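None of the figures in this text is laboratory data; all of them are computed from the coordinates on show. In this text, all values refer to a predicted model and were calculated from it rather than measured experimentally. Here the Cβ is made from the backbone with ideal geometry for all residues, glycine too, and neighbour counts use every protein chain on show.
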Amino acid sequence: MTVDLAALPSPGEKRMAVRVTKDAHRHLRRGHPWVYDESITSLSHEGEPGDLAVIFDDDRTFAAIGMWDPSSPMRIKVLHAGKPTPIDAAFWDRRVGEAIERRRPLLDDPDHTAYRLVHGENDGMPGIVVDDYHGVAVAKIYSDAWIPHLARLVPVLVDRIEPTSLIIRFARSVEQRPELGLVEGAPLYGPAPDEPVMFLENGLTLEAHPTTGQKTGYFLDQRVNRAKVRALAEGRRVLDVFSCTGGFSVHAAAGGADEVHSVDLSLPAVEAATRNMAHNSHDPNVAACRHLVHHGDAFEVMEGLLRRNERFDLVIIDPPSFAQRQASVDGALAAYERLSKLGLALTVDGGTLVQASCSSRVTADDFFHTVHRTARREGVELEEFDRTGHPVDHPIGFAQGAYLKALYATVHR
């Protein structure tokens, strides 16, 4: 049953008046999307999640407005800074319209029928992402503050992108509201799909599971890197580590790889990788490619391949985020070092290593330095020939919004 938007709560009518430190003001002027709890020096009253908080400077002049989030250290999710503006349906329509125009080159390309429409803070909408899989849209919320704003936002999304369905999903930190129908996978508009949704990426047919798959059903941010892997794969033996549902694997097969190995800990993911290969079996390259799946821990599988003296011409390592918090950065860098060591050992002389990181707290400089330092320690020369970052539908709107980076290098022993 579709969620009744009219029954959802609305933001409190009385706006909160908030004063913050001078440092916080400086960050706001530079476009920072959060106000931390320790930066707040005074507030008019305690609000509920999603209440609008107006931030004033020392001269009582309007500085910014955002959503109050009392359970988060990022206490205010900033929606607008500068001159006063109402946060109404017209505001959301402008925001969504601006996001669409940023993605216009992708939307006009018939080889792609899935994209990220809203990239959270980077599109001026902190705490929410919206992905569209060939007409089935998924809104994932990372803050309780969004619930009172759904009644206005959802009609705007429906009007702008005309989906057949719009599904809601929740981060683990956000409490579901079953009394309002707001549960994982519930439709905000249209019917919830009961089968995987098929879409095109770089002209290849892939499936997404909007109600049960990881994140919103698929990882759209690696689209450009998958196309690059496709161009590198001809005649090669390929290892795809942390393959998830096989996006890199299918692209490698379509690029003419002789053999592709997909490695992932999730059994549903490797099963989906097998199906994604089958979805493209009409392609002669995919039909001719030998596809093997390894269900297990990536580190253990890589070590097992080494013990069996397996080697590959192209090794792709695309792990999940290893640093969910700042205290995890050292551990993340150690994990990248271990992966680099294993990946280098599994790559033939003259082969290609593609290694990526999606940990925003690990800087690009630290990541690339770790990969190259590991190569030197292993007595391997890395001839780097490319680095990539964010695709057009995952824009970077502020410094901490940059998370994706990938390195391409030829391995010389």
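Along the charge dipole of the chain, which of Gln222, Pro110, Ala272 sits closest to the positive end, that is, farthest toward it, with unit charges on the beta carbon of Lys, Arg, Asp and Glu (+1, +1, -1, -1)?
Projecting each Cα onto the dipole axis, the largest value belongs to Gln222.
Please give the helix 364-377 orientation as an angle from the longest Cα principal axis of the chain, in degrees from 0 to 90, rounded to the nearest 10.
20
What angle do you read, to the nearest 10 degrees and between 0 and 90, between the alpha-carbon axis of helix 329-346 and the longest principal axis of the chain?
Value to nearest ten degrees: 20.
Working only with C-alpha atoms, what are the Rg and Dmax values of region 12-81, expressed in angstrom?
Computed over the Cα atoms of region 12-81, radius of gyration and Dmax are 10.5, 29 Å.
Once a ≥ b ≥ c are taken as the square roots of the eigenvalues of the Cα gyration tensor of region 71-194, is the result rounded (a/c under 1.5), prolate (a/b larger than b/c) or oblate (a/b not larger than b/c)?
It comes out oblate by the Cα gyration axes.
As a quick test, which of the pairs Lys22/Lys215; Lys14/Lys83; Lys83/Lys215; Lys83/Lys405; Lys14/Lys215; Lys215/Lys405 have an alpha carbon distance above 28 angstrom in this structure?
Lys22/Lys215; Lys83/Lys215; Lys83/Lys405; Lys14/Lys215
Please give me the summed charge of the neighbours of Arg413: other residues whose Cβ is under 10 Å from its Cβ, Lys and Arg +1, Asp and Glu -1.
Spelling it out: positives minus negatives among the neighbours equals -3.
Over all distinct Cα pairs, what is the inverse of the mean 1/r for the chain, reported as the Kirkwood hydrodynamic radius in Å?
Mean inverse Cα-Cα distance, inverted, gives 22.7 Å.
Give the calculated FRET efficiency between Arg172 and Arg104 to the nearest 0.05, with a Förster radius of 35 Å applied to their Cβ-Cβ distance.
The computed FRET efficiency comes out at 0.55.
Give a residue-ordered list of calculated ³J(HN,Hα) values for region 10-23 (Karplus: 6.51 cos²θ - 1.76 cosθ + 1.60, θ = phi - 60°; whole Hz; x for Gly, Pro).
The phi angles translate into 10, x, x, 5, 8, 6, 7, 9, 10, 10, 10, 5, 5, 4 Hz.
Once phi is turned into θ = phi - 60°, what whole-Hz ³J(HN,Hα) does the Karplus curve with 6.51, -1.76 and 1.60 give for every residue of region 50-57, x standing for Gly and Pro?
Residue by residue, region 50-57 yields x, 4, 7, 10, 9, 9, 10, 8 Hz.
In region 36-103, what trypsin sites (Lys or Arg not before Pro) fall in a loop by DSSP, with at most 11 other Cβ atoms inside 10 Å?
Arg60
Once the cut-off is 21 Å, how many percent of the Cα-Cα pairs in region 219-412 end up in the long-distance tail?
48
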